[in-house]
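To start, the structure under review is shown below, and the notes come after it.
The values are calculated or read from the model by the stated rules, or taken from the named source; none is laboratory data. Please read these numbers as outputs of a predicted model, since none were measured by experiment. Cβ placement follows ideal geometry from the backbone for every residue including glycine, while neighbour counts extend to all protein chains displayed.
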Amino acid sequence: MSENKNKFFSQTIISWYHQNKRDLPWRDTQNPYKIWLSEIILQQTRVVQGMPYYEKFIENFPTVQQLAAADEQTVLRFWQGLGYYSRARNLHAAAKYISNDLNGIFPKTYSEIKKLKGVGDYTAAAISSFAFDEVQAVVDGNVYRVLSRFFGIEKDITETKNQKEFRELAQNLIDATQPAIYNQAIMEFGALQCVPKSPNCQVCPLQKKCTAFEKKLIEKLPIKGKKTKVTDRFMHYFVFKKREGNKEKVLLRKRGEGDIWQGLYDFFLIEFQHKDKKGFEPLKELEQYLEIENTKLTHESIIFKHQLSHRTLYAKFYTLEIMSNEKQFLYWQTLKAKYDLEEIEWQNLDKIPKPVLISKYLDYLEQHLF
Ligand code: SF4
């Protein structure tokens, strides 16, 4: 790459940034805790969606020590709706590590920051440059797109050896006198100007030296290799309920380790990888699993469709009322023990962390049944 082209690139995006940057709360600070929080929230999440979460976290946990002192359920509940819950668990684990092992002092260098759970190259570069002015170039999806288009790099960005090349190029381009501004500029440029679909190249200040523009490669770049196949899952949830005086109780399951919903609560589930045949009989199916009889099916929900990154979930919920006779009471106890279910009062459901899919179902019930 020519020196001139590199210089033109860095200077142009910095001046573009000064005129076009959005006013975002985490840009007004050099506090590493706030920057870290915003970066973790914004991984896989758009700014408009992430902003209220950032504000809620800062309001409830203004310091890393306060985040560390919270229990995991509370952290997950605040995270609810953002998805990729391992981010929240890692955030919490790293806050505890900083609070307990580092005396509450946020690490100050790229390599120390990278030791935090859930922090990779990109996040460590963002925090160390924004908070401590370390010359570490960020490379995220926006950066791959801008660099591959402007320099016309026709290499698959999902391959490790190519990612290394991109990182080296980014490190060559960074303005060492103002690394934080340069990094913010290239990310903002990718988010607002050189956008994935149909960027408006007519108003782009990089256009005269942009290889993708010149060679009509804009739609082709960046090259992303094979797309991951999205699979369908068909989920039948059984909501076991019983009445005790004027209280209604329900059985929930805490999702275990290694699960995408680890630490969140849902109901007893029978799941299929294939579309179930017509005439699926929930009670019969349940009998096979649980050897349970004489249970009253009190409600069948609509089918909820929920999109995850690599899966489309179709979920239906069946409410089963467990009667207060002795036999049914025994079923309740057996269910709890056999499937490790927890008994929770219906009115306390909003206090526990749960996947968005479960919240959608509860909202639907509220609108249609209560
Ligand atoms: S000219 Fe178009 S493709 Fe090239 S950097 Fe600008 S917006 Fe991106």
When residues of the range 196-210 are filtered for being more than 8 Å from the ligand (Cβ to nearest atom) and closer than 23 Å to Glu154 by Cβ, how many remain? 5
Considering only the range 219-240, how many residues are within 14 Å of the ligand (Cβ to nearest atom) and surrounded by 17 or more Cβ atoms within 10 Å (Cβ to Cβ)? 2
Scanning the range 265-296 for residues that are among the aliphatic types (A, V, I, L, M), modelled with pLDDT of 65 or more and out of contact with any Asp or Glu (no Cβ under 8 Å at 6 or more places or on another chain) gives Leu269, Leu283, Leu286, Leu290
Tell me, which residue of the range 98-129 that is within 24 Å of Pro222 (Cβ to Cβ) and in a helix (DSSP H, G or I) is farthest from the ligand (Cβ to nearest atom)? Ala124
Looking at the range 141-160 only, could you name the residues that are modelled with pLDDT of 95 or more and more than 16 Å from the ligand (Cβ to nearest atom)? Lys155, Asp156
Determine if the range 119-133 includes at least one residue that is at pLDDT 95 or above and over 24 Å from the mean Cα position of the chain (by Cα). yes
Out of all the residues in the range 319-333, is one or more within 20 Å of Asp259 (Cβ to Cβ), touching a residue at least 12 places away in the same chain (Cβ under 8 Å) and touching a Phe, Trp or Tyr at 6+ places or on another chain (Cβ under 6 Å)? no
Among the residues of the range 349-370, write down those that are closer than 24 Å to Tyr84 by Cα and free of Cβ contacts under 8 Å to residues at least 24 places away in the same chain. Asp350, Leu362, Asp363
Exposed (fewer than 14 other Cβ atoms within 10 Å of the Cβ), in a helix (DSSP H, G or I) and either at pLDDT 95 or above or within 11 Å of the ligand (Cβ to nearest atom) (or both), is that true of Glu168? yes
